[in-house]
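The values are calculated or read from the model by the stated rules, or taken from the named source; none is laboratory data. Quick caveat: nothing in here was measured; it's all calculated off a predicted structure. Glycine gets a Cβ as well: all are built from the backbone with ideal geometry, and neighbour counts include every protein chain shown. The area values use the complete protein model at the heavy-atom level, side chains included, leaving out ligands, DNA and RNA. Shrake-Rupley method; radii C 1.70, N 1.55, O 1.52, S 1.80 Å.
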Amino acid sequence: MALKSFIEVHPDSHFPIQNLPYGVFKPQPGASPRPGVAIGDYVLDLSQIASAGLFHGPLLNNSDCFHQPNLNKFVSLGRPAWKEARATLQKLLSATEPTLRDNVTLREKSLVPVSSVELVLPVQIGDYTDFFSSLHHTKNCGLIFRGPQNPVLENWYHLPVAYHGRASSVVISGTDIVRPRGQAHPAPGSPPYFGPSRKLDFELEMATIVGPGNELGKPVDINNAEDHIFGVVLMNDWSARDIQAWEYIPLGPFLGKNFGTTISPWIVTLEALEPFACEAPKQDPPPLPYLTEKVSKNYDVALEVHIKPAEHENSSVVTRSNLKHLYWTLTQQLAHHTINGCNLRPGDLLGTGTISGPEQESRGCLLELTWNGQNALSLNGVDRKFLEDGDEVTFTGYCKGDGYTIGFGKCSGKIIPSAP
């Protein structure tokens with residue numbers, strides 16, 4: 001019999017009892033942030049559950065991890081504590097358990113309508129790294145910029161390519177994104193263009209939230225890497241293609257990328273995603289031993305991108321892709337990040353890079369969808385090559401189970417004009 005909650009959850013909800021993603025919220029303006037889990041249309045306030053003494057397992061009993069303004073302390077505790085918390089919460093929220101169901105006072109204090117809360121960043125992000133893990137995206141970018149002779153560089157097949165991003169400009173879903181200003185390629189005989197980006201783009205990504213870190217100088221073994229991953233969020237790594245194209249040689253992305261990165265508020269745990277694990281694509285040539293996994297897996301997470309043009313009521317779906325298309329797995333990304341001894345810390349953010357699939361409609365950014373502006377997309381009769389001021393971009397992600405959906409909610413942002 002399927003697990004069922006005493007809280008009514010719509011069949012299409014992203015947040016059934018099988019999910020229970022973690023986030024951080026303020027119950028009202030001016031209140032202190034505290035951890036919660038999403039269940040249907042409610043947030044369960046974990047600080048109230050902890051204060052009631054209901055986390056009484058050996059690892060969480062007397063812990064103050066749910067009385068913190070973020071999830072960093074909890075994610076640092078590791079998988080045994082995460083499993084203990086999940087088992088406790090699923091029992092408390094189940095239809096057959098009276099402890100919370102029949103305690104009216106505690107229910108009223110701990111279950112808050114999600115429509116009335118402010119969701120904030122779930123972790124304090126110390127460091128942010130963005131990978132380049134989709135073969136389809138890599139190949140399309142290579143075809144656009146280098147041509148068919150050598151679209152994928154040799155090193156790409158041997159390691160998960162990445163660059164270090166800017167943690168300070170990671171923002172929560174719903175935050176407006178100011179169109180960046182910067183330099184772009186000059187016209188012949190002229191100085192470089194300077195002004196608002198003319199090629200502003202989204203990038204459909206997901207991102208790992210790091211749990212326990214590793215000591216400086218001590219890499220994480222590839223077959224233990226999963227124990228260092230707390231969960232996954234949706235991520236939009238906004239990109240100014242014209243600024244990036246002019247600046248990135250020889251050191252890589254800088255101002256074309258670090259003006260804003262949006263993540264969804266709910267962290268879906270690997271335990272919730274496990275029923276949707278699937279075999280990762282075969283890697284040819286085989287990876288080096290430090291990247292060779294006993295079990296190489298991705299997750300079957302359906303992804304969509306919607307764009308609502310400025311001054312329009314309705315959005316259009318422009319991309320349908322899937323996390324399972326990644327060539328380099330989440331665990332390979334994490335293990336590679338540490339192989340030189342780099343120390344990861346709880347709450348670090350590791351982006352997958354743009355997730356594109358093999359079909360044209362599964363391309364994960366406008367750069368690919370419009371082939372760098374050569375072909376316009378039609379959005380309810382409005383043409384777009386790149387994003388215009390007032391456009392709103394929304395990502396969704398979900399897995400369909402037997403009678404339930406494991407979802408990530410939304411990751412959205414609206415473009416607003418550059419500051420003068």
Which of the listed residues, VAL393, GLN374, GLY409, is farthest toward the dipole's positive end in segment 373-417, when Lys, Arg count +1 and Asp, Glu count -1 at the beta-carbon?
GLY409
Any idea which of MET235, THR129, LEU44 is furthest toward the positive side of the dipole for the chain, if Lys and Arg beta-carbons carry +1 and Asp and Glu beta-carbons -1?
THR129
Of the heavy-atom accessible surface of the chain (probe 1.4 angstrom), what whole percent is carbon and sulfur?
52
Most fluctuating of PRO309, PRO186, PRO27 in the GNM of the chain (C-alpha, under 10 Å) is PRO186
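Quick check: convex hull over the Cα atoms of segment 315-395, volume per residue in Å³, rounded to an integer?
Details: hull volume 11.1 nm³, N = 81.
Normalising the Cα hull of segment 315-395 by residue number yields 138 Å³.
Hey, can you find the accessible area per residue of segment 215-325 for me, probe 1.4 Å, expressed in square angstrom?
Numbers: 5090 Å² over 111 residues.
For segment 215-325, the per-residue accessible area is 46 Å².
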Residues of type lysines that LYS410 reaches as a straight line, Cα spacing below 20 Å, ignoring anything fewer than 8 places off in the same chain
LYS26, LYS308, LYS324, LYS400
Given a 1.4 Å probe, the accessible area of segment 361-418 per residue, as a whole number of Å², is 39
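How many Å³ per residue does the convex hull of the Cα positions in segment 1-68 occupy?
Numbers: hull volume 7.6 nm³, N = 68.
Enclosed volume per residue, from the Cα hull, is 112 Å³.
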Let me know the charge dipole size of the chain about its Cα centre in debye, to the nearest 20, where only the beta-carbon of Lys, Arg (+1) and Asp, Glu (-1) is charged.
360
So in the chain, what percent of DSSP beta bridges are antiparallel if you round to the nearest 5?
90
So who's got an amide H within less than 5 Å of the one on ILE229, skipping anything under 5 residues away but keeping other chains? H placed 1.01 Å off N, in plane.
GLY211
Spatially proximal aspartates and glutamates relative to LYS139 (Cα-Cα < 17 Å; intrachain offsets below 8 disregarded)
GLU154, GLU203, GLU205, ASP284, GLU359, GLU361, GLU368
Using only Cα atoms, what is the ratio of the radius of gyration of segment 1-159 to 2.2 N^0.38 Å?
1.38
Kindly report the accessible area of segment 4-93 per residue (heavy atoms of protein chains, probe 1.4 Å, no ligands, DNA or RNA), in Å².
41
Stretched fully, the stretch from TYR163 through ALA419 gains (0.36 nm per residue minus C-alpha distance, one decimal, in nm) 89.4 nm
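Quick one, what does Rg over Rh come out to for the chain if you take C-alpha atoms and the Kirkwood Rh? Numbers along the way, then the final one.
Values: Rg = 21.7 Å, Rh = 22.3 Å.
Across the chain, the Cα-based Rg/Rh ratio is 0.97.
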Looking at HIS158, CYS342, VAL295, which one has the Cα that reaches farthest to the positive end of the dipole of the chain (charges on Cβ: Lys, Arg +1; Asp, Glu -1)?
CYS342
Going by average Cβ density within 10 Å per residue, which order do the peptides 164-176, 116-128 take, highest to lowest?
116-128, 164-176
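From the mean inverse distance of alpha carbon pairs (Kirkwood) and the Cα radius of gyration, derive Rg over Rh for segment 73-170. Please list the in-between numbers first.
On the way: Rg = 22.9 Å, Rh = 18.7 Å.
In segment 73-170, Rg relative to Rh is 1.22.
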Using amide H atoms built 1.01 Å from N in the peptide plane, name the residues 5+ places from TYR42, or on other chains, whose amide H lies under 5 Å from its own.
VAL114
